[in-house]
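Asks: Here it is, the structure in full.
The values are calculated or read from the model by the stated rules, or taken from the named source; none is laboratory data. Predicted model, so just to flag it, every value in this text is computed and none were measured. Heads up, the Cβs are rebuilt from the backbone with ideal geometry, glycines too, and the neighbour counts pull from every protein chain shown. Areas reflect the complete protein model, heavy atoms only, side chains present, ligands, DNA and RNA absent. Shrake-Rupley method; radii C 1.70, N 1.55, O 1.52, S 1.80 Å.
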Amino acid sequence: MAIRTVLKMGDPRLLEPSRPVECFDTQELHTLIADMQDTMRALDGAGLAAPQIAVGLQVVIFGVDHNPRYPDAEIVPLTVLINPVLTAIGEEMEEGWEGCLSVPGMRGLVPRHRRLHYRGFDQYGKAIDRTVSDFHARVVQHECDHLAGILYPMRIPDMRNFGFTAELFPGQDLQDN
């Protein structure tokens, strides 16, 4: 379909809460998802939320097979998740380095729940209900934060663990975004 422009941190639209999707299996929704997938693939993203391309709807996509931005990440199935509801399982938190297409060239050490239950719908209105952990749980939490107007730097407890990728990881061949 089309590669869309990704909004960057500082754009006030990224801070607005998203609206739930009310109609499934529509041409508009399918076009939005196709554009999100094209955009995510073109930028080697692990996920993308509709607000990142200036669409204020509760739609996220994510999936990781072999991603140069996350070379050690486990495989996460390509998923379209609409109107998500997340529930942490237990209290165990895990810190991990995150990047974001809306915060290009930077990484930060972010605590996230290690185990997570999420539910929602795909673009056809079919229910999704999964329990996940580790990197999969991190990706879902990161993308769904966008739906509440939260960018990952807002979750970093120690700003000494936030900076430009090239400075934090000198000599490593990590992508710029």
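Asks: State whether one or more residues within region 49-59 are open to solvent by less than 60 Å² (accessible area, probe 1.4 Å), assigned to a strand (DSSP E or B), closer than 16 Å to Ile128 by Cβ and of a type in the set (Val, Ile, Thr).
Replies: yes
Asks: Any idea which of Val139, Val85 is open to solvent by less than 60 Å² (accessible area, probe 1.4 Å), more than 21 Å from Asp65 (Cβ to Cβ) and β-branched (Val, Ile, Thr)?
Replies: On the way: Val139 fails: more than 21 Å from Asp65 (Cβ to Cβ).
The unique qualifying residue is Val85.
Asks: Do any residues in region 106-118 that are within 11 Å of Glu94 (Cβ to Cβ) have Cβ atoms under 7 Å from those of residues that are of a type in the set (Ser, Thr, Tyr) and surrounded by 20 or more Cβ atoms within 10 Å (Cβ to Cβ), where the two are at least six apart or on different chains, and which pairs are they?
Replies: Val110/Tyr152
Asks: With Thr31, Thr79, Thr39 as the choices, which residue is polar (S, T, N, Q), open to solvent by less than 80 Å² (accessible area, probe 1.4 Å) and part of a strand (DSSP E or B)? Talk me through it step by step, then tell me what you get.
Replies: Details: Thr31 fails: part of a strand (DSSP E or B); Thr39 fails: part of a strand (DSSP E or B).
Selected residue: Thr79, the only one of Thr31, Thr79, Thr39 that is polar (S, T, N, Q), open to solvent by less than 80 Å² (accessible area, probe 1.4 Å) and part of a strand (DSSP E or B).
Asks: Scan region 142-160 for residues that are open to solvent by 50 Å² or more (accessible area, probe 1.4 Å), in a helix (DSSP H, G or I) and more than 21 Å from Glu91 (Cα to Cα) and jot them down. Don't jump to the end; show me each part of the working.
Replies: From region 142-160, those open to solvent by 50 Å² or more (accessible area, probe 1.4 Å) are 148, 154-155, 157, 159-160; that's our starting set.
With in a helix (DSSP H, G or I) added as a condition, the list becomes 154-155, 159-160.
Across region 142-160, the qualifying residues are Met159, Arg160.
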